[in-house]
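Data first, discussion second: the structure below is written as structure tokens.
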Amino acid sequence: MKKLWPHIILIPLLLTIPIVSSPDFDGTLSVFRVSPFQREFIRFVLIIIFFYLNLLIFLPKFYSKKKYSAFVVCVVISFIIMVFLPYYLTSENLLNSQQTSPMPMPQHEMFPPNGSMPPPPMDGQQPFQNFGHRNDGSYYQMIFSSLLPFLFSFLSSLFIYRNNEKKELERSKAKAELLNLKYQLQPHFLFNILNSIYSLALLKSDDAPNGILKLSNVMRYVVQESSKDFVELSKEIEYLKDYIALQLVRTDSSLDFTYTEIGETKDLKIAPFILVNFIENAFKYGFNAAENSKISVKVIVQEDILSFTVFNNVVNHHITDENSLKVGLKNTIEHLNQVYADKHTLTITNNVLTYEVDLKINLT
């Protein structure tokens, strides 16, 4: 419906152009009784009709499917209609046709008793001499006066169609790239989650049952929500909490961890799996049982703005899957650029000893 409003507003505005530009316009609707204006107005209406027919039917149905013969026929027929129809619909032409139409010939004069043909016209004119004659000018003048506005309508509709086609291709390409990023992200997270549960099993931890439950929640979320373009922010935050819980099982008291959540998620939505990689990196680089480790996660929602901050001390310098983490971060940044191109700011501060991510997203 939003796409229709510009056209609903534009068409009446366009129809006022021939009215206000007519030399016969005196501020009243009496101009509609003037035959030259009637012809120009009908022609203008036909130009608009052809514009939408070409844009919505001829180009997508014939031109884009390489049915060029049918396309040319439709365009030519439209042009012929636009040239001649205004002249045959005006009141002046109808009046002239009524005034000049001959009176019915009596039957006895049409068919003389002796069977001979009726006599030729007395004024010396040959039959059919005035056929096709018009007071409005020659057919060539009619054609050339209609050619320029018709070409303008044709070329403008073609330009808009090609432009829309290009935008649709770009959207399809972006969607395909985004889908590809998702398929790269999902296995990456699943492998790390499975590593977490494997660590629980090795430790024979009492937290293993709870960890398995969290893992179940995480995997259910991945399976059910990963195919969606957007999910509820509240669900994404719950997913982050379950993921953090799985990571905390692998840590000990040497880790100083804080989680802060402020604000209401309301009916806000967010692209799935766009935040978790930053938390994963924080636990990979920010926890080392031999050192004082610190990790903090802040989620703040103010109106429609999500502020997401992750901070950690860099205490682990020996990462076995560092390349995997770099790929995950690269994909996340590309994901952000695809979905929130002009609606996010990402600041990453890395000064060797600490690492901080500050992400702000406009979720409208």
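The values are calculated or read from the model by the stated rules, or taken from the named source; none is laboratory data. Here the structure is a predicted model, which is why all the values come from computation and not from measurement. Using ideal geometry, Cβ is built from the backbone for each residue, glycine included, and neighbour counts are taken over all protein chains shown. Heads up: the accessible areas ignore ligands, DNA and RNA and are worked out on the full protein's heavy atoms, side chains in. Shrake-Rupley method; radii C 1.70, N 1.55, O 1.52, S 1.80 Å.
A few comments on the model shown:
- Heavy atoms of Ile80: accessible area, 1.4 Å probe, square angstrom to 10: 80
- Among the trypsin sites (Lys or Arg not before Pro) in the range 1-86, those placed in a DSSP loop whose Cβ has at most 15 other Cβ atoms within 10 Å are Lys2, Lys3, Lys65, Lys66, Lys67.
- In order along the range 162-172, the phi-based Karplus estimate (6.51 cos²θ - 1.76 cosθ + 1.60, θ = phi - 60°) of 3J(HN,Hα) comes to 5, 5, 5, 5, 5, 5, 5, 5, 5, 5, 5 Hz; Gly and Pro are listed as x.
- Cross-link pairs exceeding 24 Å in C-alpha to C-alpha distance, out of Lys284/Lys343; Lys241/Lys294; Lys167/Lys235; Lys166/Lys269, comprise Lys284/Lys343; Lys167/Lys235; Lys166/Lys269.
- A simple charge model with +1 on the Cβ of Lys and Arg, -1 on the Cβ of Asp and Glu and nothing else charged puts the dipole of the range 244-364 at about 140 debye relative to its Cα centre.
- Ranking Phe230, Gln247, Gly263 by how far each Cα lies toward the positive end of the dipole of the range 229-268 (charges on Cβ) leaves Gln247 at the top.
- Two-site label geometry, Lys241 and Lys65: point separation in nm, points 7 Å out along Cα→Cβ: 5.4
- Angstrom value of the Kirkwood radius, inverse mean 1/r, which spans all Cα pairs in the range 204-357: 16.5
- Between Phe144 and Leu29, full extension at 0.36 nm per residue minus the direct alpha carbon distance yields a gain of 38.6 nm.
- Taking a point 7 Å from the Cα of Thr345 along the Cα-to-Cβ direction, the residues of the range 243-262 with backbone N closer than 20 Å to it are 262.
- Efficiency of FRET from Cβ geometry, Lys166 and Val45, R₀ 51 Å, rounded to 0.05: 0.95
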